[in-house]
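S.K.: Let me give you the structure first, and then I'll get to my questions.
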Amino acid sequence: MSNSIGNNFLHQSLLSPTVLEHQGRINSSSCAGGNTLFQPQANSLTNKSCLSTAFRGNRLRIQKNKLLMGKQRAVSRWPQAVLAADVSAEVVDVRPPTSGSGSLVNIVVTSSSDSLLLHWGAIKGQKDNWILPQRRPVGSMVYKNKALRSPFKKSGSNAILSIEIEDPGVQALEFLIFDEAQNKWYKKSGGNFHVKLPVRESRTPNVSVPEDLVQIQAYLRWEKKGKQIYTPKQEEEEYEAARMDLLEEIARETIEEARKELQFELEKGASTDEIQKRITKGKIETKVAKQAGRKSYSTVERIQRKKRDVMQLLSRFTSRPVEENISSEPEVLSEIQQYERAIEDHIDGPIVKKQTYKLADKKLMVLVAKPSGMTKVYLATDLPEPVVLHWALSKRPGEWVAPPSNALSPDSVSFDNAVETKFVASSFNDQSYKVQSLEITIEDDGFVGMPFVLLSGGKWVKNKGSDFYVEFNPESVVVVQKKETLDAKGTPKVLLDKIAELESEAQKSFMHRFNIAADLMEQATSAGELGLAAILVWMRYMATRQLIWNKNYNVKPREISKAQDMLIDLVQNVYRSHPHYREILRMIMSTVGRGGDGDVGQRIRDEILVIQRKNDCKGGMMEEWHQKLHNNTSPDDVVICQAVHSGADLESAVANCMGYKDEGEGFMVGVHINPISGLPSGFQELIRYVLLHIEDKNVEALLEGLLEAREELRPSINQPKDRLKDLIFLDIALDSTVRTTVERGYEELSNASPEKIMYFISLVVENLALSVDNNEDLICCLKGWNLALSMLKNGYDHWALFAKSVLDRTRLACKQGRVIPPTNATICWDCFKSTIYVHFKQVNIFTEEMIRAGSAASLSSLLNRLDPFFGNCTSRKVISPVEAIGYVVVVDELLSVQNKSYSEPTILVAKSVKGEEEIPDCAVAVCFATCFDYNILGEIQANEGKLLHLKPTSADVAYSTMSEDELATATDSKEVSAAPSVTLVRKEFSGRYAISSEEFTSEMVGAKSRNIAHLKGKVPSWVHIPTSVALPFGVFETVLSDDLNQVVADKLQILKRKLDEGDFSVLGEIRSTVLELSAPPQLVKELKEKMQRSGMPWPGDEGSQRWEQAWTAIKKVWASKWNERAYFSTRKVRLDHDYLCMAVLVQEIINADYAFVIHTTNPSSGDSSEIYAEVVMGLGETLVGAYLGRALSFICKKNDLDAPQVLGYPSKPVGLFIRPSIIFRSDSNGEDLEGYAGAGLYDSVPMDEEEKVIVDYSSDPLIVDGNFRRSILSSIARAGSAIEDLYGSAQDIEGVVKDGKIYVVQTRPQM
């Protein structure tokens, strides 16, 4: 405690409570004349100039101050001034500022007039111009933006006015008194009255308050005062007032502590003089002094993030079959629903409107269709008494126009502008229904709708007191598809139909919609993720204002918030009990909002009243709006209010978790929210840091704070806690703030280095990992970015190559839906399109709208900013560098055109290629993009329909436009070769069901089996060859002809006949039929003997089930003869498909660490002096099959096999791993024909299913250990070189690496 502070405390607060009073007397002074209107006392007010006694009256009365004692403050009182014969004014007192308030000036005027106004302003600094303080007496009005006019309040014969000045910079008040009724001014000698305000007492320690805390305090003051719009001057006043608030808070704490400590010294017997001397000499150091030394109100520029294991973020759940959650009970349809479905099945045209109205406990169904250029209206009701339709047509919505005669039935009765037509008993397709129905056909397309009412039992039946009205306009609604579109497997159809049925009830108000959703939550949860997705889509549909918010129903804000709260409580309970649904539940919560048990709606109304009071808005629009909210909240009201109290915005989410207290003012209801207990230590300080920096221009530190807050909060939201929903909403708000902060930081990244952009990406990926279920792939991406940053900082040469691979993988994660809304939500959206009506323009942007609501869009933008830095890295792979000339055709999927024949040379640009398709006839080139190569594809795609000359190279893809004349010249200059003549020779059954590798011949097996047998004993000993046996050619045909399989053979013959007739849809059915084959006992016996003699395990030794697995795998290999790609490929070269024979190569699976493919001549450049190879983690199916992403690729010169050069690092997110097992490989007689690329057309099937594992490259030694990588890649290249030398020609080689050992599983000539 400093000596000066100590003395100040001692004098002011403990030893001499009346000292200030006496000092005030000593320091007071008078003007020369001695007669002043306002006499200064107690060092408070001084006159700007002396005032003459020449008033219109002659009374001047001076009142003396009373002596202030104890804790009372010094008060200045002033003489009374006679302004007129019947008017006198007196400033009763001017109170200096106290803690938490400003200077208070009380003015009393004795007058019979009740229309007096104080015309006034404040003086600040050396300026004479008036400023208009922000805090004003009730009823004050701004006069010409130059002065304030505040009304006096009558109290008996007096008029009273109190003015409180908060701004410490205000030095004086100037005013006149104006009688509005008499239009009379009361002045001071023709000028203004001037009252100098007391200097604010310095009761604060000599400490400085950091500007960032002042900003926070100013924000809190602005929020408390109703978030008004300030002028620049008012902002300055508020800022200084906030500074004084903080200083006074420090003073209060310090003074109270000092009082206690000094009182303790007195009780010990010390005199006041002794205490003062000891403090002056520094012998007493109180707790206050110690605290002042410790307490710091400064803040760090950026937080220090905790070091965490990234894998702690892992959230992985096994997907559950939806079928288990779908009720198998048959749906019970009402008579109305049965009739409705019968009509829908019959209608030959689009259904543009369908609605069901409730008529007490009965229903009315209205359906509008547009077949063949006319409009048909179908009506049906289950009312028991006869029903008459009183109807008309409208050329403008709502009007009644008599229908044309061709729209009337014979029994219709016409009136002036309407018609009456009777309903009839319903029957359809010889099926009777217990409903009455009516069908109306309107051929004139000039009508836009049909108004109507019903007459039943002598009573008019209306739509809630109004006419029914059905629209005909198909442009405003989605065309309703037929019910079959809802029958997709796994879709919770009953739930979707229920939502559609209740939509008309939900349209009454938000209260109704939220209550209905709450009632459906149990059913949705039972239906699994698809059921919850249905609720999400419905709520999202509502939030985007595609559904009606309010329809002819009065509702109060507190009723909406209570229904909202009930729904969110149910969602919270599911969040606790079903952690595998948390991602979609978070989406529901963010869409619906927090709600509250009546308090939120009430607070909205109260805050409107605050706005009224602060701005003197009595009556008028604000009052009307307040009353409207009380009685009838409409959609527009909700839009205005929802941002303030949605619960998902950061401000309200923080308040709900950290607690707040609002005692209310006058009419306002107080609110007291307790803070949530058990939050992590230091979490409140972390949130304060976030709020302090929320609008920083440079956002990197803020992003770190937001992510640290989410990391700290994560354990709490993953545990069952009280008020869990408030914590979830806080996390949602932090998540959303990350997105908006990143978007705000784009300018900061305009000229940023790759390192900074990579760091931003890592933060956004971390944020996404905190938000989604099954986030393992994202965590691996995050670890990859961290490793790439480390490589860059440490000067690692390959940092850019590795960062490019992580970028590719992250982009692939975006594309594959790991960071976008669940696919099930899109499925339910598609189903809702058929049952709930939405503007047609909104149908196709549902997924995009949800993506933009999250961080995925920001991540994609950051990736695009980083990508140009890797322009020199390999970003594309040219599979076949051959020039091509053709017309550009763009298709979504290559699969969709694989059986098509083009009439002219065609360059296909495919948006999606699986790798299993056949190239269509006359397609001279196929261009497609992987996840890392979009730009070049887009450029070619932009030339759709044009004739291009395409020239791909290993480094680029060059192209130019051509004319048709140039095409003809180019075609003439080339020698047209006939299609290659390829023939198959039918293979006969050798009489043996199984053979060993020593028995492999061209008559028994294909080239795949023969090549692998040829390698044994001829390659270096460190190249390992797996043991093999085979089921030779003809075994399939023999098994099919066995008496065991007569039924299967007959069925297959019928299907093959259909196929020969051009019905390609039976290919799948043929494959399924092959799987019905039974194994002859002799096959089982011979295969067992051959496998055991070769040292291979026999599956049957583990039980009959294991043999059945092996037998099924064999049949799948045979069935792959009828794969679409394989079948169309043989047709294209006119091979006789019946002559195609399939042997099966049986090998033991090596549970590989890595798999590789070697091309002993570089296929991109055609350079025979270098080897090109690709490597993946796990089994090779991810390399040769349709698995997205990129493998590790490298080249190696044949004259320097110890120096492999990495071209690209891997981005494939998945690796395949398997238990010790057997694989059955296809080996047909059509795979290695000269002039025909038949390899890879048919399937190889393992006995056991591979396990898909999300791979982590950041800990893979092939990536992080340079010596290990060099050793493995060099060994792969050496194996390829040795096998090429053995065969004397370029080879395509497949193999695996296990524990550093090389295994080759097959080789064939490189095509």
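S.K.: Given that compact globular proteins tend to follow 2.2 N^0.38 Å, what is the ratio of the alpha-carbon Rg of the range 1097-1183 to that value?
M.R.: Ratio of Rg to 2.2 N^0.38 Å for the range 1097-1183: 1.52.
S.K.: Once amide H atoms are placed 1.01 Å from N in the peptide plane, what residues at a sequence separation of 5 or more from Leu1075, or on another chain, have their amide H within under 5 Å of its amide H?
M.R.: Counting only residues 5 or more places away or on other chains, the set is empty.
S.K.: Assuming 0.36 nm per residue, please report the length gained on full extension of the stretch Glu988 to Thr1027 beyond their Cα-Cα distance.
M.R.: 11.5 nm
S.K.: Just to verify a number: what accessible area does Glu1108 come out at with the full protein assembly present, 1.4 Å probe, Å² rounded to tens?
M.R.: Probe radius 1.4 Å; accessible area of Glu1108 about 100 Å².
S.K.: Then there is this: Within the range 404-428, name every residue whose backbone N is under 20 Å away from a label modeled 7 Å from Cα of Asp467 along the Cβ vector.
M.R.: So the set is 404-409, 412-423.
S.K.: Looking at the range 1248-1278, which GluC sites (Glu not before Pro) are DSSP coil and have at most 14 other C-beta atoms within 10 Å of their C-beta?
M.R.: Counting only loop positions with at most 14 other Cβ atoms within 10 Å, the GluC sites (Glu not before Pro) in the range 1248-1278 are Glu1249.
S.K.: Report D for the range 1205-1311 in µm² per second (integer): Stokes-Einstein, Kirkwood Rh on Cα pairs, 20 °C, 1.002 mPa s.
M.R.: Translational diffusion coefficient: 130 µm²/s.
S.K.: Now a separate question. What accessible surface, in Å², does a 1.4 Å probe find on His1014, ignoring ligands, DNA and RNA and rounding to the nearest 10?
M.R.: Approximately 70 Å² of His1014 is accessible to the 1.4 Å probe.
S.K.: Can I get the semi-axes of the range 655-807's equivalent ellipsoid? Compute them from the C-alpha gyration tensor as square roots of 5 times the eigenvalues, in angstrom, largest first.
M.R.: 36, 18, 11
S.K.: Now for a different question. What Kirkwood hydrodynamic radius do you get for the range 512-589 when you take the inverse of the mean 1/r over all pairs of distinct Cα atoms, in Å?
M.R.: 13.0 Å
S.K.: If we restrict to alpha carbons, what Rg and Dmax does the range 710-797 come to, in Å?
M.R.: 15.5, 52
S.K.: Against the globular-protein guess of 2.2 N^0.38 Å, express the Cα radius of gyration of the range 1171-1217 as a ratio, rounded to two decimals.
M.R.: Compactness ratio reported: 1.24.
S.K.: Moving to a separate point now. Based on the Cβ-Cβ distance of Lys793 and Asp892, what FRET efficiency does E = 1/(1 + (r/R0)^6) give at R0 = 30 Å, to the nearest 0.05?
M.R.: About 0.10, to the nearest 0.05.
S.K.: So who's got an amide H within less than 5 Å of the one on Asn463, skipping anything under 5 residues away but keeping other chains? H placed 1.01 Å off N, in plane.
M.R.: Phe468
S.K.: For Lys946 and Ser1094, compute 0.36 nm times the residue count separating them, minus their Cα-Cα distance, and round to one decimal in nm.
M.R.: Residue separation times 0.36 nm, minus the Cα-Cα distance, leaves 47.3 nm.
S.K.: Could you order Lys196, Lys556 so the one with the most accessible surface comes first? Probe is 1.4 Å.
M.R.: Accessible-area ranking of Lys196, Lys556, largest first: Lys196, Lys556.
S.K.: On a 1.4 Å probe surface of the protein chains, which of Val142, Val772 comes out largest in accessible area, and what is the full order?
M.R.: Largest accessible area first, the list is Val142, Val772.
S.K.: Mind ranking Trp1107, Trp1022 by accessible surface for me, highest first, 1.4 Å probe?
M.R.: Trp1022, Trp1107
S.K.: Tell me, what ³J(HN,Hα) does each residue in the range 364-376 have, in order and in whole Hz, if you take phi through Karplus 6.51 cos²θ - 1.76 cosθ + 1.60 with θ = phi - 60° and put x for Gly and Pro?
M.R.: Result, ordered by residue: 10, 9, 10, 9, 10, 10, 10, x, 6, x, 10, 10, 10 Hz.
S.K.: Let me ask something else about it. Between Asp1138 and Leu359, with labels modelled 7 Å along Cα→Cβ, what's the label distance in nm to one decimal, could you check?
M.R.: Distance between the two pseudo-spin positions: 6.7 nm.
S.K.: Could you give the spread of the C-alpha atoms of the range 1126-1263 along their three principal axes, from largest to smallest, in whole angstroms?
M.R.: The Cα atoms of the range 1126-1263 stretch 49, 38, 24 Å along the principal axes, largest first.
S.K.: Also: Quantify, in whole percent, the carbon and sulfur part of the accessible surface of the range 971-1127 (1.4 Å probe; protein heavy atoms only).
M.R.: For the range 971-1127, the apolar C and S fraction of the accessible surface comes to 48 percent.
S.K.: Hey, can you grab everything whose amide H is under 5 Å from the amide H of Asp1227? Only 5+ residues off in sequence or another chain; H modelled, so Pro and N-termini drop out.
M.R.: HN-HN under 5 Å from Asp1227: Ala1143, Leu1145.
S.K.: Would you please classify the overall shape of the range 975-1110 from the alpha carbon gyration tensor, given that a ≥ b ≥ c denote the square roots of the eigenvalues, rounded means a/c under 1.5, and beyond that prolate means a/b larger than b/c while oblate covers the rest?
M.R.: Oblate is the answer for the range 975-1110, as a/c is 1.5 or above yet b/c matches or exceeds a/b.
S.K.: Moving on. Counting only protein heavy atoms and a 1.4 Å probe, tell me what percentage of the range 673-822's accessible area is made up of carbon and sulfur.
M.R.: Summing carbon and sulfur atoms, their accessible area is 46 percent of the total for the range 673-822.
S.K.: Let me ask something additional. When the accessible area of the range 1180-1310 is computed with all protein chains present and a 1.4 Å probe, what percentage of it is carbon and sulfur?
M.R.: C and S atoms contribute 45 percent here.
S.K.: Calculate, in nm to one decimal, what Asp1063 and Arg316 gain on full extension: separation in residues at 0.36 nm each, minus their alpha carbon distance.
M.R.: Length difference between fully extended and current span is 264.5 nm.
S.K.: Right, here's the next one. Provide the per-residue ³J(HN,Hα) series for the range 770-778, in order, calculated from phi with Karplus coefficients 6.51, -1.76, 1.60 and θ = phi - 60°, each as a whole number of Hz, with x at glycine and proline positions.
M.R.: 6, 10, 10, 7, 6, 9, 4, 5, 5
S.K.: Give me the distance in nm between label points sitting 7 Å out from Cα along the Cα-to-Cβ direction at Ser1072 and Lys1301, one decimal.
M.R.: 4.4 nm
S.K.: Could you run the Karplus curve 6.51 cos²θ - 1.76 cosθ + 1.60 with θ = phi - 60° over the range 1159-1174 and give me ³J(HN,Hα) per residue in whole Hz, x for Gly and Pro?
M.R.: Using θ = phi - 60°, the values come out as 10, 6, 10, 4, x, 6, 9, x, 6, 7, 8, 9, 9, 10, 9, 10 Hz.
The values are calculated or read from the model by the stated rules, or taken from the named source; none is laboratory data. Source: prediction; values computed, not measured. Virtual Cβ from ideal backbone geometry, glycine too; neighbours counted across all protein chains shown. Heads up: the accessible areas ignore ligands, DNA and RNA and are worked out on the full protein's heavy atoms, side chains in. Shrake-Rupley method; radii C 1.70, N 1.55, O 1.52, S 1.80 Å.
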